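Following: one structure in structure tokens, then a few remarks.
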Amino acid sequence: MQITTLGPFAVDGQPVRGERLAAVVRALVDARGRAVSTSLLVDAVWGGTPPDDATGAVQALVSRVRRLGLPVVAVPGGYRLPAEEVTVDAVEARGLVDRARTVFDNGDLPAARSLADQARALFPEVPELVSAEDTRLFADVAALRAQAALAGVGPFDEADLSRLVARTPPDEPSAALLVRILAAQGREAEALEVVERLRAELAERYGTDPSPVITQVHLALLRGELTTPVVAETPRQPTRIALPTAWRRPMTALVGRERDVEAVVEALVDAAVVTIVASGGAGKTRLAAEVARRTGAAGQSVRVIELAGLRAPDEVLPTVLAALGGADTSSTGGNLGLERRVLSPEERLRAVAPDLDGLVVLDNCEHVLDAVATVVADLVAVASPEAAVLATSRAPLGLAGELVHRLTVLPDADALAVLESRARAGGAVPTWDTARALALCHRLDNLPLALELAAARLRHMPIDDVLAGLTDRFALLDDALRGLPERHASLWALVDWSRELLAEDDRDLLQRVAVIPAPFTADLAAAVAQTPDVRRGLATLVEQSLLTLVEGDGPPRYRMLETVREYGEARLDAVGARGAAMTGLVTWARERAVALAGRFVGPGQVEALHRCAAEQDNLLAALRWALAQDDEAATVDVATALFHLWTVRGLHLEVLGWARGIMGVADPVRRRHSAILQGRGAGRPLPDADRLAWLCLLTGVNSGISGELRLAVLARRALRTLLAERPDEVSSRLTALASALPEFDASDVDRSMKAADELVAHPDPHVQALGLFARAAARENGGMPEASVTDAEQAYHRFAIAGDHWAWRWRRVPSGSSSTPAGTPGRPSGWRAASTTWR
């Protein structure tokens with residue numbers, strides 16, 4: 001499809017009407033095939049005033065984009081427009097310019113001029129040049145045409161250069177070329193007028209002098225030396241800025257860290273890896289956020305990857321890859337379109353790293369330090385020189401070439417400024433003298449986070465009471481706090497003092513919600529606290545700066561600072577209450593996962609998948625605990641929803657990693673006692689039959705994609721046992737799929753056709769659709785493309801009736817393939833466009 005951006009915005013000649021719709025299309029097009037997060041789309045459409053349900057509004061706009069025919073696909077956290085399926089005039093023009101520059105530098109001036117003229121033809125006669133990128137592209141085209149003309153190839157054309165010089169601010173390189181073009185035609189007076197007019201405008205409007213490029217061309221004009229073509233500047237590539245919501249705008253001023261910011265920014269110019277090292281609460285994340293904002297403001301790409309919620313080293317690489325993008329499989333064709341080669345995570349990293357530029361930030365690395373070091377070393381080994389990594393940690397990564405910036409505590413003057421400014425912001429009226437305030441700062445080691453918490457106390461308490469409370473707490477620290485790292489002593493003492501000011505119920509709530517790794521809702525907090533109403537307690541914890549509210553769509557979410565979480569978990573373990581809290585988390589996760597999975601096929605599919613993705617980290621924490629406790633019923637309930645989500649998103653390696661543990665691939669003792677594999681013979685509580693069947697089917701499909709036969713065999717064995725022992729407890733839909741899918745293993749068209757026909761005859765529209773899809777693939781493999789297209793079109797309608805948007809994308813494989821007869825009117829393009837409407 002042809003997208004026009006250099007003139008009136010259009011798709012295949014059809015104007016894109018509406019500012020919001022155009023903003024979404026432009027953001028996707030500008031990403032050049034890369035993923036665009038939902039938050040960036042929200043910013044692109046609404047700026048700083050998003051609607052209440054911003055995510056839902058973006059989904060609605062994406063649906064309108066798809067109705068234009070654009071094949072937008074959903075990816076984790078956002079959307080992307082595959083670059084290979086669209087043609088963008090701006091991209092085409094950039095390609096022509098790059099080729100023209102190459103042949104120009106090689107001396108083929110006629111070819112360079114021809115390519116530059118082709119690029120110019122993609123612009124309107126009088127271009128609007130709204131964006132900086134389009135302006136730069138137009139300037140590059142004008143520069144190449146002018147340089148070729150100066151070398152004697154093609155006519156002089158000063159109109160485009162004049163338009164660029166007339167812009168505000170004027171384009172000085174274009175002005176220099178215009179002077180040369182005019183002088184080459186013997187129009188020195190007009191050339192001098194250009195220089196004088198530019199000099200006057202810069203002085204009056206900006207209070208500055210012309211740049212050296214104008215000074216030099218002016219001098220050459222006066223000397224009569226204007227004969228050497230000017231080489232245009234290399235154009236900047238489009239930038240990508242992906243900052244977490246909390247990083248985009250500082251809630252408070254950064255006090256006392258300006259020198260640190262400048263030092264880190266300067267270090268990133270030369271070093272591929274810079275690590276900000278300091279103790280907890282010293283402000284590592286705050287400093288990294290400021291560096292990231294300034295880097296983005298300077299026009300460089302920024303990607304932020306938060307690691308605080310990770311609990312195992314093997315989660316690091318998948319998390320980094322999810323943020324950087326890149327597919328984890330490549331198609332090899334084959335039956336059903338499911339035969340794909342799975343790229344290892346290391347291969348994916350090596351594939352995506354060379355395209356990175358700007359800054360990659362890894363925040364909170366200390367608890368997975370070795371894994372982060374390995375990933376960073378692999379990344380920088382193949383990344384371009386334009387890319388740099390900024391890490392925050394309590395210890396260095398230990399890499400060759402790493403530059404460590406150690407963040408010290410605040411000087412006394414800055415610590416006092418933080419304490420007073422934060423207290424005033426909270427409504428406190430300072431009545432203390434400098435000596436007592438400084439004593440408080442010293443008791444807290446001048447740590448910024450500790451000062452923030454102390455300022456919250458000063459809103460309601462005299463400073464003498466805060467000082468006395470801290471002193472008493474140091475004397476009363478119990479076994480829960482003894483043995484802590486020395487760097488935590490003052491900060492954790494303050495958190496402990498804050499806890500002592502809470503009511504007993506609120507103390508218990510603080511400790512229990514510490515087991516929740518990601519932002520959470522009140523219903524999850526109630527589950528881990530095992531009390532029906534926690535909203536008042538949550539409000540108290542927010543008021544005491546122990547929790548923060550997270551902006552976003554849906555019900556309010558709460559987030560706990562990592563240092564406070566560590567404290568809460570230590571307290572929880574000290575009283576032996578972790579098991580009870582985790583039981584609540586698992587109970588909530590089972591209920592949420594079962595409810596969401598029940599909507600994964602049907603009219604609520606899109607919202608259910610979105611909600612599941614939003615809760616993924618919390619569901620994973622519950623799954624990890626259930627698996628460790630050998631609670632197979634809970635494991636199946638939670639894992640089934642996550643496996644479905646990951647399969648939809650193509651995250652096959654995530655499915656396989658967890659499925660190995662669930663099926664006991666490397667643990668024969670677990671397999672012998674597993675109710676999943678042994679059924680009633682295990683003598684243990686049995687998982688829900690229908691969910692276990694779907695989990696086995698998803699495991700089998702993902703194992704087949706990766707070629708992991710051992711896991712596929714175990715999943716099929718568990719499924720056979722389940723269907724033999726409890727056939728009445730498995731839905732007819734999953735029973736039909738379980739019976740049919742083995743027939744597609746071999747490349748036997750007759751067996752595949754027979755199994756597909758049986759699915760088509762099933763009364764369930766969703767099973768019918770899968771059967772039609774399977775039959776379409778079998779017929780395509782059997783050399784029957786016309787019949788394959790017919791089946792694929794019918795499958796599309798059945799999937800629409802069933803409400804399976806994901807499967808609509810599947811349907812594209814046969815009906816949009818190259819085997820479709822070229823003379824089939826209206827079929828491939830229309831159905832191909834319609835099939836992109838999923839998620």
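The values are calculated or read from the model by the stated rules, or taken from the named source; none is laboratory data. Remember, it's a predicted structure, so these values are computed and weren't measured experimentally. Using ideal geometry, Cβ is built from the backbone for each residue, glycine included, and neighbour counts are taken over all protein chains shown. The area values use the complete protein model at the heavy-atom level, side chains included, leaving out ligands, DNA and RNA. Shrake-Rupley method; radii C 1.70, N 1.55, O 1.52, S 1.80 Å.
Under 5 Å from the amide H of Asp804 lie the amide H atoms of Gly602, each residue being 5 or more positions distant or on a separate chain, with H modelled from the backbone and absent for Pro and chain starts. Each of His797, Gln118, Ala60 was placed along the dipole of the chain (beta-carbon charges, centred on the mean Cα), and the one lying farthest toward the positive end is His797. Derived scalar couplings between HN and Hα for segment 195-206 equal 4, 5, 5, 5, 4, 5, 5, 5, 6, 6, 8, 10 Hz in order, rounded to whole Hz, by the Karplus curve 6.51 cos²θ - 1.76 cosθ + 1.60 (θ = phi - 60°), x for Gly and Pro.
Taking amide H positions as modeled 1.01 Å from N, with prolines and chain starts lacking one, the residues under 5 Å from Thr275 and 5 or more places away or on another chain are Ala391, Leu403, Val404, His405. Heavy-atom accessible surface of Asp270, to the nearest 10 Å², is about 140 Å², with a 1.4 Å probe and all protein chains retained.
Sparse packing (at most 16 other Cβ atoms within 10 Å of the Cβ) combined with a DSSP loop state is found for the following chymotrypsin sites (Phe, Trp or Tyr not before Pro) in segment 104-170: Phe156. Solvent-accessible area per residue in segment 249-321 equals 41 Å², computed with a 1.4 angstrom probe and all protein chains kept. Farthest toward the positive end of the dipole of the chain, out of Thr87, Val264, Thr531, is the Cα of Thr531, where the dipole comes from beta carbon charges about the Cα centre. Which FRET efficiency value, to the nearest 0.05, is calculated for Val126 and Ala787 with the Förster distance at 56 angstrom and r the Cβ-Cβ distance? Computed FRET efficiency for Val126 and Ala787: 0.60. Here the simple spin-label model places points 7 Å from the Cα toward Cβ, and for Asp108 and Glu19 these points are separated by 4.6 nm.
By the helix-only formula, in which each DSSP H run with n ≥ 4 contributes -39500 (n - 2.57) and the sum is divided by residues, the chain has a 222 nm mean residue ellipticity of -17500 deg cm²/dmol.
Once R0 is set to 22 Å, what does the formula 1/(1 + (r/R0)^6) return for the Cβ-Cβ distance between Leu709 and Ser344, expressed as a FRET efficiency to the nearest 0.05?
The formula returns an efficiency of 0.80 here.
For the chain, what does the relative contact order come out to in percent, with C-alpha contacts under 8 Å and a separation of six or more? Relative contact order comes out at 8 percent. Of all stretches in the chain that contain no GluC sites (Glu not before Pro) in a DSSP loop with at most 13 other Cβ atoms within 10 Å, the longest one is 552-839. Loop-located trypsin sites (Lys or Arg not before Pro) in segment 571-635 (DSSP state not H, G, I, E or B) with no more than 14 neighbouring Cβ atoms inside 10 Å do not occur.
At an R0 of 51 angstrom, the distance between the Cβ atoms of Ala435 and Asp533 translates into a FRET efficiency of 0.70.
Taking amide H atoms as placed 1.01 Å from N in the peptide plane, the amide H of Val665 has no partner under 5 Å among residues 5 or more positions away or on other chains.
Multiply the residue gap between Ala503 and Asp630 by 0.36 nm, knock off their C-alpha separation, and tell me the result in nm, one decimal place.
Full extension of this stretch gives 42.1 nm more.
Distance between the modelled labels on Glu258 and Ala580, one decimal in nanometres: 5.2 nm (7 Å Cα→Cβ projection). Counted over the chain, the DSSP beta bridges are approximately 40% antiparallel.
Here each label is just a point 7 Å from Cα along the line to Cβ, and for Arg187 and Asp370 those points are 7.1 nm apart. 3J(HN,Hα) along segment 315-325: 8, 5, 4, x, 5, 5, 5, 4, 7, 7, x Hz, from the Karplus curve 6.51 cos²θ - 1.76 cosθ + 1.60 with θ = phi - 60°, whole Hz, x for Gly and Pro. Lys/Arg Cβ at +1, Asp/Glu Cβ at -1, dipole of the chain taken about the Cα centre: which of Leu585, Pro555, Pro155 is farthest positive-ward? Ranked along the dipole, the leading option is Leu585.
Rounded to the nearest 20 debye, the dipole magnitude of the chain is 1520 debye, with +1 charges on Lys and Arg beta carbons, -1 on Asp and Glu beta carbons, and the Cα centre as origin. Given that just one value was derived from the coordinates, which of (i) 0.99; (ii) 1.02; (iii) 0.96 is Rg/Rh (Cα atoms, Kirkwood Rh)? So the calculated entry is the one marked (ii).
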